[in-house]
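Since the structure comes first, as structure tokens, the remarks are kept for the end.
What follows is calculated from the coordinates using simple rules that are stated; it is not laboratory data. Being a predicted model, the structure only gives us computed values, none of them experimental. All Cβ positions, glycine included, derive from the backbone under ideal geometry; neighbour counts span all protein chains shown.
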Amino acid sequence: MTHDVIIVGAGPAGSTAAIELARQGRSVALVEKDEFPRRKVCGEYMSATNIPVLQRLGVAEAWRDRAGPEIRKVALFAGQRIVSAPMPGRDGFGRALGRDVHDTLLRDAAGREGVELYQPCRAVALCRVRGRHELTIDTGSGGSMTLSAPVVIAAHGSWERNTLPTGLQKGSGTNGLLGFKAHFRGASLARDTMPLLAFPGGYGGIVWADAGRLSLSCCIRSEALAALRQRRNGNAAEVIHAHLLATCRGVREALAGAILSDKWLSTGTIRPAVRARYAEDIFRAGNLAGEAHPVIAEGISMAIQSASLLAQVLDDVDITDPAALAAAGQRYSAAWSRHFKARLRMSQTVAWMASRPEAFGFVAATIEAVPKLLTFGAGLSGKAQVFSPGK
């Protein structure tokens, strides 16, 4: 099958790129290995900076109908400290929507734009043949087929294990950082508040998502988890849950009387880093292009925005001309850096401190004395300026 563009991964980045490129008149193939709906390790919050993009994609109204309450306050839960402050919201406020709902919403919008969906189909090989990319996909039950296009966009995420040249090597993560996520019902957290959790060995966040679900996600250093498991009985998720309750007053109060609504999810090494956005004639979007520490709750925003940015760069480009594509790759890489590098630098600093009480104690005390520092930090993380790919 021949197309103008093949996109691997139908998450927020892949589906956003598919919709925008299809609207430019490109024929697009979207390949996704998992059935939808499916849950993902993710904080599930999305800043209001994305609303103009959602409107352009035609899903803003559906997102508003399904997402949780507006998040008007940012908070810090660290040890015994509970501090809150206004969320910067000059152009509206962010909300959270479960990835099982969010990703299906975007994928269905791509289908309405004429995008050809291959799901569930696993991409197993990618090569160049006579100036075009050829992607072999496993269609299940032993079957396979080959898709061909001059442009390939890898949007399968940095945590994905695959045999493609876009996949990251095992062990390339940052200090063995592991991710966990669960939903709860009957929690006591204020509905307009999203706290940052700082606890020994890790960091996390909680936020009200759709349908009365409280989403709790966290990251923990592998050596910290190993030490905890030597002292506590239970699987990794049970140990982390107990650790959060024992070390963080805000979590204890928020989850008092709450019920786990579905099983904990986990993921292997998380890889915060800036990566090649265009290399080996392949474009990358989402956290495969570059990934901030989840501590700033900007993962979905960066995925959608990077994909929208890439689609704008590719508009009117002669995709059959290798030199034109290479030039587009350079423009995309430069624009990506302008939009996102500051967020990555900030996330790295906050993540390092938040998981180390000895380093974060002074910071937490300062925030307690001056809560508006939370508002300022949320603004620096990307929540105060509406995304405009033309800037």
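Give me the distance between the Cα centres of the range 353-391 and the range 27-84, rounded to whole Å.
19 Å
Comparing E116, E298, E61, which has the greatest mean-square fluctuation in the GNM of the chain with Cα pairs linked when under 10 Å apart?
Maximum fluctuation in the GNM of the chain, among the listed residues, is at E61.
When the helix-only estimate is applied to the chain (DSSP H runs of n ≥ 4, each -39,500 (n - 2.57), divided by the residue count), what is the mean residue ellipticity at 222 nm, nearest 500 deg cm²/dmol?
Rounded to the nearest 500, the figure is -11000 deg cm²/dmol.
Given labels modelled 7 Å from the Cα in the Cβ direction, how far is it in nm from V274 to R331?
The answer from the label model is 2.1 nm.
Work out which helices of the chain, taken as complete DSSP H runs, extend at least 20 Å along their axis over the Cα atoms and score a mean Kyte-Doolittle of 0.0 or more, then list them.
Span-like helices in the chain: 299-314.
Any chance you could check the Cα centroid distance between the range 200-218 and the range 1-22 for me, in angstrom?
The distance from the Cα centre of the range 200-218 to that of the range 1-22 comes to 29 Å.
Under 1.5 on a/c is rounded, so check that first for the range 202-270, then, if it is not, pick prolate when a/b is larger than b/c and oblate when it is not; a ≥ b ≥ c are the square roots of the alpha carbon gyration tensor eigenvalues.
Prolate, since a/c reaches 1.5 and a/b exceeds b/c.
Among bridges DSSP assigns within the chain, what percent are antiparallel (round to 5)?
Expressed as a percentage, antiparallel bridges in the chain total about 70.
Could you give the length gained by full extension between S144 and A227, i.e. 0.36 nm per residue of separation minus their alpha carbon distance, to one decimal place?
Once the chain is fully extended between S144 and A227, it gains 25.4 nm.
Mind checking which aspartates and glutamates have their Cα closer than 20 Å to the Cα of K341? Skip sequence neighbours fewer than 8 apart in that chain.
Within reach: E291, E298.
Say we join alpha carbon atoms closer than 10 Å with springs in a Gaussian network model of the chain; which of P294, P272, P357 then has the biggest fluctuation?
P357
What fraction of the DSSP beta bridges in the range 1-117 is antiparallel, stated in percent and rounded to the nearest 5?
Here the share of antiparallel DSSP bridges comes out near 55 percent.
Need the full-extension length gain, S27 to A190, defined as separation in residues times 0.36 nm minus the C-alpha distance. One decimal, nm.
Once the chain is fully extended between S27 and A190, it gains 54.1 nm.
Could you tell me the distance between the Cα centroids of the range 116-145 and the range 261-299, to the nearest Å?
When both Cα centres are located, 23 Å separates them.
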